[in-house]
Amino acid sequence: MGKIRIAQVINSLKPGGAERFLVDLLQAFPRDRFEFTIFCLYSKGELACEVERIGIPVIVLEVPRKIGLKGYIKLYNALKMSTFDIVHCHLLEGCWYGLPAGWFAGVPIRIAHLHNCHWRLSFRARLFDRFAFAFADAAFGCSRAVLRFYQKHMWYPMSKCYLVYNGVVAERFKSLPSKNEARRVLGLPQNCVIVTTVARLVPQKGHVFLLEAAKEIVSKFKDVRFLLVGDGGLRAQLERRANALGLGDYAFFLGQRTDVPQILAASDIFVLPSLWEGLPLVLVEAGLAGLPVVATRVDGIVEVVEDGRSGFLVPPGDSRALAEALQTLLQDALLREWMGKEGRDIALQRFNMERIVSQVAGLYRDLLHRKVKEL
């Protein structure tokens, strides 16, 4: 049997959880048995060079932002130019375009990869999503919470759903510098407890509640600093809010960074105050860096962070509870160290990329074999 040819469809390869997962997944895949092409709907993105470097082509379709026939025709024509065995679609627009276009182009297997719980999606959009999924053979959910959401609120049949956890390449965290060295290189103070979050500056991530918690914390702990890594539409608003709360000397917006492992190595605590999530890879990365976590008890987060073992889980939107959990860790260095070790063990056991690659490769083969038997 020749190589299995797979088209990956995604919005772009700009930095993000789903995009990072896809790039890491393809870099770890055995290319003697699988051949990949990535189709970006809108633009290429900064992560594209990582897969192009290993010979995986990235094709930008430049489809219109508004879902319409022109976009479907562009993707249909692109898929018809080669003989693909599988089209594997990521994120909402990737599935909305890729599943119907793959069916009309005659691609035998169409897969929807579900990366988030879309609680704020309109009823009309949910109906459209379910229509697109009618063209799918399978759905891969990045967490049990995501699968439950799609089965209950998007009406996906359980028979087509598979749990495929997001994974992280652990090797990126094997040779991290010491905390003192990482801080020296990054220009961070040596004598402070550093609390870090890495997330897009959008409403979903709940940064405003972190800032409110930080105001309460700095009134009691002067040797604490908050690092907010990431960018997004709320940046200017959040910076103004931080200044209004008197956090100018305590909270620092670092923007989009390519040295996240080094920033985590320099940190003491990781925090993620999201209002909803699929399965945030950054929590796995924090675990691999040996950091205790304070996060919200929502969706897939509870499948990464074990409350009382690798960190603390608090209700979403509750800045007081967030502050109390952070204060518990700020006061106890031994607890931070123990929880960090437990988090690393969980990350290595549950979210190892080699195990995920083996699972996905097996699903590719099984789905194709099942299709052949049906014909």
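Worth a mention:
- The one condition in (1) without any contact (Cβ under 8 Å) to a residue 60 or more places away in the chain; (2) open to solvent by less than 20 Å² (accessible area, probe 1.4 Å); (3) not aromatic (Phe, Trp, Tyr); (4) not in a strand (DSSP E or B) that Glu277 fails to fulfil: (1)
- Any chance Phe221 is farther than 30 Å from Gln349 by Cβ, in contact (Cβ under 8 Å) with a residue 60 or more places away in the chain, surrounded by fewer than 21 Cβ atoms within 10 Å (Cβ to Cβ) and in contact with a helix residue (DSSP H, G or I) (Cβ under 6 Å, 6 or more places away or on another chain): yes
- Residue match in region 285-295 (condition: open to solvent by 20 Å² or more (accessible area, probe 1.4 Å), over 24 Å from Phe221 (Cβ atoms) and either of a type in the set (Ser, Thr, Tyr) or part of a helix (DSSP H, G or I) (or both)): yes
- Of the numbered criteria (1) touching a residue at least 60 places away in the same chain (Cβ under 8 Å); (2) open to solvent by 50 Å² or more (accessible area, probe 1.4 Å), the one Ser267 fails is (2).
- The single condition among (1) surrounded by 20 or more Cβ atoms within 10 Å (Cβ to Cβ); (2) touching a Lys or Arg at 6+ places or on another chain (Cβ under 6 Å) that Gly311 does not satisfy is (2).
- Positions within region 165-217 being basic (Lys, Arg), open to solvent by 70 Å² or more (accessible area, probe 1.4 Å) and either at pLDDT below 90 or farther than 30 Å from His90 by Cβ (or both), in sequence order: Arg172, Lys174, Lys179, Arg184, Lys215
- Ile73 being β-branched (Val, Ile, Thr), more than 26 Å from Asp259 (Cα to Cα) and free of Cβ contacts under 8 Å to residues at least 24 places away in the same chain: yes
- Yes/no for Thr328 being modelled with pLDDT of 95 or more, open to solvent by 20 Å² or more (accessible area, probe 1.4 Å) and over 19 Å from Ile111 (Cβ atoms): yes
- Boolean, Leu228 is without any contact (Cβ under 8 Å) to a residue 40 or more places away in the chain, closer than 20 Å to Gly317 by Cβ, of a type in the set (A, V, I, L, M) and not in a loop (DSSP other than H, G, I, E, B): yes
- Among (1) under 22 Å from the mean Cα position of the chain (by Cα); (2) within 29 Å of Phe173 (Cβ to Cβ) - the single one Asp32 does not satisfy: (1)
- Pairs where the first residue, in region 183-212, is in contact (Cβ under 8 Å) with a residue 40 or more places away in the chain and the second is of a type in the set (Lys, Arg) and in a strand (DSSP E or B), C-beta under 8 Å, 6+ apart: Leu188/Arg225; Val193/Arg225; Ile194/Arg225; Val195/Arg225
- The helices (runs of 4 or more DSSP H) found entirely in region 36-111 that carry 2 or more residues being farther than 27 Å from Tyr156 by Cα and open to solvent by 20 Å² or more (accessible area, probe 1.4 Å) are 48-52, 69-80.
- Close pairs from region 150-166: first on the phi > 0 side of the Ramachandran plot, partner open to solvent by 20 Å² or more (accessible area, probe 1.4 Å) and among the hydrophobic types (A, V, I, L, M, F, W, C), Cβ under 7 Å, at least 6 apart: none
- Listed by first and then second residue, the pairs with beta-carbon distance under 6 Å, at least 6 apart or on different chains, first residue in region 287-307 and over 22 Å from Arg172 (Cα atoms), second modelled with pLDDT of 95 or more and hydroxyl-bearing (Ser, Thr, Tyr), are Thr296/Ser274.
- Checked against (1) within 28 Å of Ile59 (Cα to Cα); (2) of a type in the set (Gly, Ala, Ser); (3) touching a residue at least 60 places away in the same chain (Cβ under 8 Å), Ala139 passes all but a single condition, namely (3).
- Members of region 19-31 found to be open to solvent by 10 Å² or more (accessible area, probe 1.4 Å) and either of a type in the set (Gly, Ala, Ser) or within 21 Å of Pro108 (Cα to Cα) (or both), listed by number: Ala28, Arg31
- Residue check for Ser159: of a type in the set (Gly, Ala, Ser), assigned to a loop (DSSP other than H, G, I, E, B) and farther than 26 Å from Tyr72 by Cα: no
- Filter result (assigned to a strand (DSSP E or B) and surrounded by 22 or more Cβ atoms within 10 Å (Cβ to Cβ)) within region 296-308: Thr296
The values are calculated or read from the model by the stated rules, or taken from the named source; none is laboratory data. Just so it is clear, the structure is predicted and the values come from calculations on it, not from any experiment. When we count neighbours, we look across all protein chains shown, and the Cβ atoms used for this are built from the backbone with ideal geometry, even at glycine. All accessible areas refer to the heavy atoms of the entire protein, side chains included, with ligands and DNA or RNA removed. Shrake-Rupley method; radii C 1.70, N 1.55, O 1.52, S 1.80 Å.
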